[in-house]
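Derivation of every value follows stated rules applied to the coordinates shown; laboratory data play no part. Since the model is a prediction, treat every value here as computed from it, not as a measurement. Neighbour counts run over all protein chains shown; Cβ positions are idealised from the backbone, glycine included.
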């Protein structure tokens with residue numbers, strides 16, 4: 001079986017931009033720093049790096065999943081776009097709640113949301129079996 005990956009120019013650009021944004025979102029996230037075992041800089045604004053850049057990633061990188069989820073709801077045919085759209089939305093809302101101290105700090109999932117922002121980058125997979 002041969003798998004052909006097609007990528008439009010905008011998908012490639014979005015992938016690289018989301019990858020660049022993901023590094024500080026993950027690296028400056030206090031929950032990730034605690035898990036891995038390093039200290040964040042003492043600069044006060046460091047706590048807003050993940051929420052601000054994570055919001056950009058959610059809205060821009062997650063847009064294909066969000067619009068796909070709405071399309072699947074309207075057609076009453078739930079699928080992967082709805083599943084991913086729900087997952088990134090729950091992570092986004094809980095992360096903002098934790099960042100604003102409305103929810104418990106352990107609900108801070110910016111570091112998990114970051115990779116989802118660029119998941120659509122490879123475009124479509126054409127799985128045509130080639131003998």
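Structural remarks
- Reported to the nearest whole Å, the Cα centre-to-centre distance from region 52-79 to region 81-111 is 15.
- Residues 35, 113, arranged from fewest to most other Cβ atoms within 10 angstrom of their Cβ, appear as 35, 113.
- Using a simple spin-label model with pseudo-atoms 7 Å out from Cα toward Cβ, residue 34 and residue 80 lie 3.3 nm apart.
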